[in-house]
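Asker: Input: one structure, supplied below.
The values are calculated or read from the model by the stated rules, or taken from the named source; none is laboratory data. Note that the structure is predicted; figures quoted are calculated from it, not measured. Using ideal geometry, Cβ is built from the backbone for each residue, glycine included, and neighbour counts are taken over all protein chains shown. When the accessible area is computed, the model is the full protein with side chains, heavy atoms only, and any ligands, DNA or RNA have been set aside. Shrake-Rupley method; radii C 1.70, N 1.55, O 1.52, S 1.80 Å.
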Amino acid sequence: MTWETLLHYKWGVMAPEFIILGVATALSLIDLFMPNDQNRRPLGWFAVAGVVVAIISLTGLLSVGTTSILYDTFRLDAFGKAFKLLLLTGAALVLLLAMDYQPKEGVKYQGEFYYLFLTALLGAMMMTSSGDLITLFVGLELLSISSYILAGLRKAHHLSNESAMKYVINGGISTAITLFGMSYVFGLTGSTNLKKIAMQLSTLQDSGHQYMLALAFLLMLVGLSFKLASVPFHMWAPDVYQGAPTPVTAFLSVVSKTAGFVIVLRLFISIFAAALSQGKEPSSMLLSMQDYIAFLAGATMMIGNTVALKQRNVKRLFAYSSIAHAGYLLVGFAAMSWVMVDSMWFYLAAYLLMNLGAFAILQTVTDQTGSEDISQFAGLYRRNPLLAIMMGLFVLSLAGIPGTAGFIGKVHIFLGAFATEPAHYVLAAIMIATTVVSYVYYFGLFTQIFFRPAAHHEPLRVPLGVTIVVTVCALGTFVFGVMPGLLYHFLDQFQHFSDFLR
Amino acid sequence: MNDTYFLSLLVFSPLLGIVLLAFVPKTQEQTIKLLGFLATLPSLLLALFAFGQYLRGYDLSRLAEKHAWLQFGKYSFLPDSAFSVPYELNVDGFALVMIVLTALLATLAAIASIHIKKEWKGYFMLFLLLEIGMLGVFAAGNLLLFFIFFEVTLVPMFFLIGKWGYFEKEKAAYSYLLYNGIGSAILLLVILILFARTGTSNIAALQDMLRDPQGAAQMLAPISDDLRYGLFIALLIAFGVKLPIVPLHSWMLRVHVQAPPSIVMLHSGVLLKIGAFGLIRFGMGLFPEQFERLATFIAVLGVINLLYGAFLAFVQEDFKMVLAYSSISHMGIVLIGLGALNEAGIQGAIFQVVSHGLISALLFLLVSIMYERVHTTMLDRLGGLAKAMPLVSGFLLAGAMASLGLPGMSGFISEFTAFLGLFKAEPMIAAVGTLGIIMTAVYLLRAVLNMTYGATTHNVTEVADIRTVELVPVLILMGCIILIGVYPDMLAQSLEATIQTMMNGLGG
C-alpha cells in the first residue's frame, strides 16, 4: 500500500468515527495532565459536544451513496448510517447521565468515565460499518473491553467489582465461542471479507461442509447472544446491571445491546442469506436456521419476563426487562420478513428513548439514598409529580401501551411475524403473552410511584443533565407514539436497507 | 358546520378539560369538580346534536373523516396503500347511539363524582381521559385505531380503581389489568393478523374482503377457513372478557365492588358494552359465516350467563354484588339475542346494551348516594330505608323494576325482543332462558324489599334524603329509561341500517 492509494480513499465517510476517536484521545490526554483536585465536569460537556458534532457530520453523510473503503473493511451504507445514528444518540444521552452520576463515595475516575464511553462507542460504530470479519471483531472487542472497565469503575464498591469480574469472564467465554464460529467460516471460504465469504458459500454444495457451516452459525449466534443479553448468555445481565454504575448500566442496556443487534444483522444477513442449505427443499442457510433463532427468542422473552416478576432491586428488574426486550427484537429477526430491519431499527429507537429515560429517573431516585430497592420509588408522585408522570410514560412505553413509541414498535414486529408465509403464530403468541406478564412488574412500579405513601419527604432535586435526558426521551417516546409517521418518513430515505449486500 | 372535524372534536373535547385542569391548584375542590363536569358537556352536546340531526335524516357518512397517519414503510412490490393506517373516524346509527350513551353517562358520572373524597385533580384528569378512550372506541374507523382507544381506557381505569376505590382496591385494579390485558392482547393478535394478511385495517374494507370471494382476491396473503375460525374464537374470548362471558367474569365482580360507584357507572354502563359492541361489529360483521355456525353455542353461553348471574345474585349479601351478578345475567340476554341470528334477536341485543347501560348506571348512582349516607351496602344493615330516604328507595325500586323488565320501561323492550328472536330460532334454549327472567324478578325484589321495608337498622336512621344535585342525574336516567320503554321506535329507527347490514352479512 502506497501513500497514493491511502490518500485516494474517501476518508470523509469516516468523519464521525474520526471525531469520536479525536475527542477520546484528547480527553485522555487532558485528563492525564489535569491536576487531580480539579473538577472534571467540563470534560463531560466536551465529550457530549464531540458526540453531537459527530451526529452533525453523520447527518451530512446521509445523502452520500454507498461507499466502501480500505478493501471493503469499512463501508458506509444505509444500514451503517441508520444504526450509527442510534448509537450516537444513545451515547450522548448516556454521557449526560454520567455527568450527573453521584454515588455516595463520589466518582474517583470521572475522566476515565467519559473517554471509555467514547472508545466503547467507537467500537460499536466500527461494527455498524464493517464489511470484514476482522474489523467486526476488533470493533466488538473495543466495545467489550471498554465496557469491562466501565462496569468496575466504582473501585471501592464490592458489587461493582463483582460485576466487572463476572462481565469479563462471561464476555471472554462468549468471545471465544464467537471466534470459534468465525474460524469455521474462514476455514470454509479462506476469506474474511463478508462479500467474498458470501460468494464462496453460495457455491457450497457439499452437505458435510453445510453441516459445518450450520455449526458455525449456531456458535456465532450463541456467542453474540452475550452482547444482546439474550438466552443462553443472559445470566450476566442482572449481576452486572446491579453492580455497575447506573450510567454504565444504561449504556449496556441500550447502546451495547443495539451494537449487539448490529453485528448480528450484519454478520448473519451478509454471510448466511446467500449460503445454501440442504433441507427437504433447498433454501438459504439463514432461513433454515429460523427455528433456532425463534426458540432462543421465545426462551428469552419467557425467562426475562417471568424472573422480572420477583425482583425487588430496580436495576435487576430493568436487567430482566432488557432481556425481555432483546427477546422481542429477536422475534423481529426470527420472522425474517421484509420488514425485519425496519422494524428492528424502529424498535431499537423506541427502546433507546424509553429505556434511557427510565434509567435517568432511576439514577436520580437511587442516587439520593444509595438504595436500589423498589420501595425507593414509593410516593415519587408526591415528591415530584412531573418526574413521576414522565416515569409513568416510559414504563407505559416499555409495557407497550398505545400512545407511546413502544407500542408502535411492537406492532411493527408483530406485523413482520404475521406477514411471512408461514406466519409465526406461536412466536407471536409467546410475545403477546409475555407482554401481558410484563404488565405485572411494570404496573408494580406504578403502585409504588402513585399509590404508596412516600418513604422520604424531601422534594427530589433533578440535576441539569438528567433533566435534558428525561425531556428528550419523554418527547421522543410520546411524539413517536402519537405521530410515528415522522420517524417512518425519516426511515424511508434508507429504502429498507436494500444496499446491504451490494 | 365543518363536517370533517366534527367527530374528532366530539371525541377529543374532554382533552380541553384535562389541559385546563392542569392549571388549577389541586386544593381547589369546588373548581375542579365544576370544571370536570363542564368538560364532559361539549361531547354530550355535540353527540346529542348529531343524534338529533340523524333522526331528522342526516346522512352520517358525511361525518366520516380520514387523515394520513402512519405507514409501515413503502415497498415497491406492494400496493401503495398497503400497511398504511390512516387516522379515520366514522359512525353509523349503532355507533352514534353508543356515543350518545357514553357522553350522557360520562356527564352524569361526573356529577356523581361529587362524592370523591381526595385528589380530585388527578381523578378528573383520568376520568376525562377515560371518556376520550370510550368515545374513540365507538368512532374508530379502523381496527388499529379501535384498539388504541380500547387500550386508552385500560390505564385510567387501573388508576381510578387502584387509587380511589375501597379496601381491596389494588387487588381489584390488578385483576382488572390482567384480565383485560389478556383480552386486549388476544384482540391485538387478531387485528394484526388481519392487518398483515390484508394490508388494511379499515373495517369496511375488511368486511368486503372477508365476506365476498371477489374482495378476497385483494388480500396480500390468503386467510384460510381454519384461520377464520381461529380468529373468530379469539375475538369471542377477547370480547368475552370484557362483556363478560361466564368463566371469564371474576375480575368484573371485584371492579363492581371495589371501584368508586361513579366509575362503576361508566364501567358497567359503557365499558362492558364495548364487549358487546365489538362482538357485534367485528365478530358478526367480519366473520358472519363463523358466527352462524357457532350461533347455538353463543345462545347457550347466553343462557348460562343469564342463569348463573341470576342464581348467584340471589344469594349475595352485598347490594353491589347483587348488581354485579345482575350485570352478568343481563349481558347474557345480549348473547341470547345475538345467538338468535335474526333481526329481532339482534335488535333485542342492541336494545339490551343501551337499556342495561342506562339502568345499571342509575342503580350505581343510587348506590353512591346511599353509601355516602349510610356507609355500607350490606343488605342486612340497610333495612328500613324507605322511612329515612323515601325518594332514594322509591327510585331504587323503580330502577329494579326497569331492570327486571317491567313493561313501559326499556328493560322490557330489550328482553322481550331478544327472547322473541330466540324463540323463533331455538325454542328449547329460549324456554330454559325464561327461567332467568323469573329469577331476575326474585333476586331484585328480594334485595330491594329487604332494603326498603326490612327492619330498621340503627345506621339508617336520621340520614338526609336525596339532594337536588343528585336528583337531576337520577331523573335524567329515569326519563331515558321510560322514554325508550314507551317509544322504542326512536332507538329502533337509528339502528335499522346497522341491523340491515348485519343481516345481509348473515345471508338473511
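Asker: Magnitude of the Cβ-charge dipole of chain B, K/R +1 and D/E -1, about the Cα centre, nearest 20 debye?
Answerer: Taking the Cα centre of chain B as origin, the dipole is about 920 debye.
Asker: Run lengths n ≥ 4 of DSSP H only: what is the helix-derived mean residue ellipticity at 222 nm for chain A, with -39500 (n - 2.57) per run over all residues, to the nearest 500? Please report the intermediate quantities before stating the final value.
Answerer: Details: 22 runs with 356 residues, N = 502.
Dividing the helical sum by the residues of chain A leaves -23500 deg cm²/dmol.
Asker: Using a 10 Å cut-off on Cβ atoms, rank the peptides A:319-332, B:247-260 from the highest mean neighbour count down.
Answerer: Numbers: A:319-332: 27.6, B:247-260: 21.5.
Packing proxy ranking, top to bottom: A:319-332, B:247-260.
Asker: B:Ala464 to B:Lys117: FRET efficiency via 1/(1 + (r/R0)^6), r the Cβ-Cβ distance, R0 22 Å, to the nearest 0.05?
Answerer: Numbers: r = 18 Å, r/R0 = 0.81.
Between B:Ala464 and B:Lys117 the formula returns 0.80.
Asker: Between the stretch B:188-203 and the stretch A:112-162, what's the alpha-carbon centroid distance in Å?
Answerer: About 42 Å separates the Cα centre of the stretch B:188-203 from the one of the stretch A:112-162.
Asker: Per residue of A:392-401, count partner chain C-beta atoms within 10 Å of its C-beta, then hand back the mean as an integer. Working shown, then result.
Answerer: Working: counts 2, 0, 0, 0, 2, 0, 0, 2, 3, 7.
Taking all residues of A:392-401 together, the mean is 2.
Asker: Using the beta-carbon distance between A:Thr25 and A:Thr5 and R0 = 30 Å, what value does 1/(1 + (r/R0)^6) give for FRET efficiency, to the nearest 0.05? Before the final figure, lay out the partial values.
Answerer: On the way: r = 25 Å, r/R0 = 0.84.
Once rounded, the FRET efficiency stands at 0.75.
Asker: When a/c reaches 1.5 or more, the comparison of a/b and b/c decides; with that in mind, is the protein assembly as shown rounded, prolate or oblate per its Cα gyration tensor?
Answerer: Working: a/c = 2.39, a/b = 1.67, b/c = 1.43.
Prolate, since a/c reaches 1.5 and a/b exceeds b/c.
Asker: What are the ³J(HN,Hα) values, in whole Hz, obtained from phi via the Karplus relation 6.51 cos²θ - 1.76 cosθ + 1.60 with θ = phi - 60°, for each residue of the stretch A:2-7 in sequence order, with x given for Gly and Pro?
Answerer: Values per residue, Gly and Pro as x: 9, 4, 4, 4, 5, 6 Hz.
Asker: Sticking with this one: In nm, give the distance between the simple-model label positions of B:Arg381 and A:Gln102, each being 7 Å from the Cα along the Cα-to-Cβ direction.
Answerer: 5.0
Asker: For the stretch A:289-502, what is the accessible area per residue in Å², given a 1.4 Å probe and the full set of protein chains?
Answerer: Details: 6520 Å² over 214 residues.
Per-residue accessible area for the stretch A:289-502 comes out at 30 Å².
Asker: Let me ask you something else. Evaluate the relative contact order of the stretch A:291-387 (contact order divided by residue number), counting alpha-carbon pairs under 8 angstrom at least 6 apart; express in whole percent.
Answerer: 27
Asker: Find out how many positive minus negative residues lie around A:Leu70, taking Lys and Arg as positive, Asp and Glu as negative, among other residues whose Cβ is under 13 Å from that of A:Leu70. Kindly include the intermediate steps, with their values, before the conclusion.
Answerer: Values: positive: A:Lys10, A:Arg75; negative: A:Glu17, A:Asp72, A:Asp132.
After counting each charged neighbour, the total is -1.
Asker: Using only atoms on other chains, find how many Cβ atoms lie within 10 Å of each Cβ of peptide B:185-193 and report the average.
Answerer: Details: counts 9, 4, 1, 9, 9, 0, 2, 11, 8.
Across B:185-193, the average partner-chain Cβ count within 10 Å equals 6.
Asker: Something else: What shape does the stretch A:208-273 take by its C-alpha gyration tensor, where a ≥ b ≥ c are the square roots of the eigenvalues and a/c under 1.5 counts as rounded, a/b above b/c as prolate, and the rest as oblate?
Answerer: oblate
Asker: Turning to a different aspect of this structure: May I ask you to compute the full-extension gain from B:Tyr58 to B:Val432, defined as 0.36 nm times their residue separation minus their alpha-carbon distance, rounded to one decimal in nm? Numbers along the way, then the final one.
Answerer: Values: separation 374, 0.36 × 374 = 134.64 nm, distance 4.24 nm.
So the extension gain works out to 130.4 nm.
Asker: How much of the accessible area of the protein assembly as shown, in percent, comes from carbon and sulfur atoms when a 1.4 Å probe is used? It would help to have the intermediate numbers written out before the result.
Answerer: On the way: 23210 of 34510 Å².
Roughly 67 percent, rounded to a whole number.
Asker: Hey, got a sec? Which trypsin sites (Lys or Arg not before Pro) in the stretch B:40-75 land in a DSSP loop and have at most 10 other Cβ atoms within 10 Å?
Answerer: Details: sites: B:Arg56, B:Arg62, B:Lys66, B:Lys74; in loops: B:Arg56, B:Lys74.
Taking the stretch B:40-75 and a limit of 10 other Cβ atoms within 10 Å, the loop trypsin sites (Lys or Arg not before Pro) found are B:Arg56.
Asker: In whole percent, what relative contact order does chain A give with Cα contacts below 8 Å and a gap of six or more residues?
Answerer: Values: 819 pairs, mean separation 73.4, N = 502.
That works out to 15 percent.
Asker: Let me ask you something else. Would you mind getting me the FRET efficiency between B:Tyr453 and B:Leu45? Use the beta-carbon distance for r and R0 = 35 Å, nearest 0.05. Could the numbers behind the result be given before it?
Answerer: On the way: r = 41 Å, r/R0 = 1.18.
Taking R0 as 35 Å, the efficiency between B:Tyr453 and B:Leu45 is 0.25.
Asker: Roughly speaking, what is the centre-to-centre gap between the stretch A:292-314 and the stretch A:467-502 when only Cα atoms are used, to the nearest Å?
Answerer: Value for the Cα centre distance between the two parts: 27 Å.
Asker: How large is the accessible surface per residue of the stretch B:294-508, computed with a 1.4 Å probe and reported in Å² as a whole number? List each step's numbers first, then the result.
Answerer: Values: 7440 Å² over 215 residues.
Heavy-atom accessible area per residue stands at 35 Å².
Asker: How high is the relative contact order of the stretch A:289-502, in percent, counting Cα pairs under 8 Å that sit 6 or more residues apart?
Answerer: Normalised by residue count, the contact order of the stretch A:289-502 is 29 percent.
Asker: Using only protein heavy atoms and a 1.4 angstrom probe, determine the accessible area buried between B and A, summed over both sides, in Å² to the nearest 100.
Answerer: On the way: alone 18840 and 19170 Å², together 34510 Å².
Interface area, both chains combined: 3500 Å², rounded to the nearest 100.
Asker: Suppose only helical runs count, i.e. DSSP H with n ≥ 4. What mean residue ellipticity at 222 nm does that imply for chain B under -39500 (n - 2.57) per run, divided by all residues and rounded to the nearest 500 deg cm²/dmol?
Answerer: Details: 23 runs with 366 residues, N = 508.
Helix contribution divided over all residues of chain B: -24000 deg cm²/dmol.
Asker: Please identify the DSSP H helices in chain B that span no less than 27 Å along the helix axis (Cα) and have a mean Kyte-Doolittle hydropathy of 1.0 or more. Walk me through the numbers before you get to the answer.
Answerer: Working: long enough: B:29-55 (39 Å, 1.19); B:93-112 (28 Å, 2.50); B:120-139 (28 Å, 1.55); B:143-164 (31 Å, 2.00); B:169-198 (42 Å, 1.08); B:295-314 (29 Å, 2.09); B:319-340 (32 Å, 1.43); B:343-374 (45 Å, 1.25); B:427-453 (38 Å, 1.45).
Helices meeting the span and hydropathy rule in chain B are B:29-55, B:93-112, B:120-139, B:143-164, B:169-198, B:295-314, B:319-340, B:343-374, B:427-453.
Asker: What pairs in B:Lys118/B:Lys273; A:Lys195/B:Lys74; A:Lys81/B:Lys66; A:Lys227/B:Lys242; A:Lys104/B:Lys163; A:Lys108/A:Lys410 have C-alpha atoms more than 32 Å from each other?
Answerer: Details: B:Lys118/B:Lys273 29 Å; A:Lys195/B:Lys74 27 Å; A:Lys81/B:Lys66 34 Å; A:Lys227/B:Lys242 41 Å; A:Lys104/B:Lys163 35 Å; A:Lys108/A:Lys410 41 Å.
In this structure, A:Lys81/B:Lys66; A:Lys227/B:Lys242; A:Lys104/B:Lys163; A:Lys108/A:Lys410 lie more than 32 Å apart at Cα.
Asker: Given labels modelled 7 Å from the Cα in the Cβ direction, how far is it in nm from B:Ala217 to B:Lys66?
Answerer: 2.1
Asker: So what's the gap between the Cα centers of the stretch A:1-67 and the stretch B:468-488, to the nearest angstrom?
Answerer: So the two Cα centres are separated by 73 Å.
Asker: Another question about this same structure. Full extension from B:Leu445 to B:Ser250: what is 0.36 nm times the residue separation minus their Cα-Cα distance, to one decimal in nm? All intermediate terms of the calculation are to be shown ahead of the outcome.
Answerer: Values: separation 195, 0.36 × 195 = 70.20 nm, distance 2.43 nm.
That works out to 67.8 nm of additional length.
Asker: Taking a quarter of the surface of the Cα convex hull of chain A, what do you get in nm²?
Answerer: Averaged projected hull area, Cα only: 22.6 nm².
Asker: Run the simple label-point estimate for A:Trp45 and A:His158 please: 7 Å along Cα→C-beta, distance reported in nm.
Answerer: Between A:Trp45 and A:His158, the label points sit 4.0 nm apart.
Asker: Same structure again: Expressed as cubic angstrom per residue, what is the convex hull volume of the alpha carbon set of the stretch A:289-502? All intermediate terms of the calculation are to be shown ahead of the outcome.
Answerer: Values: hull volume 25.7 nm³, N = 214.
Residue-normalised Cα hull volume stands at 120 Å³.
Asker: Per residue of A:429-439, how many C-beta atoms from partner chains lie within 10 Å of its own C-beta, taken as a mean? List each step's numbers first, then the result.
Answerer: Values: counts 3, 0, 2, 9, 4, 1, 3, 10, 3, 1, 9.
So the per-residue partner count for this stretch is 4.
Asker: Quick one: grab the alpha carbon gyration tensor of the stretch A:395-502, order the square roots of its eigenvalues as a ≥ b ≥ c, and give me rounded if a/c is under 1.5, else prolate or oblate depending on whether a/b is larger than b/c.
Answerer: Values: a/c = 3.33, a/b = 1.50, b/c = 2.22.
Oblate shape, in that a/c is at least 1.5 and b/c is the bigger or equal ratio.
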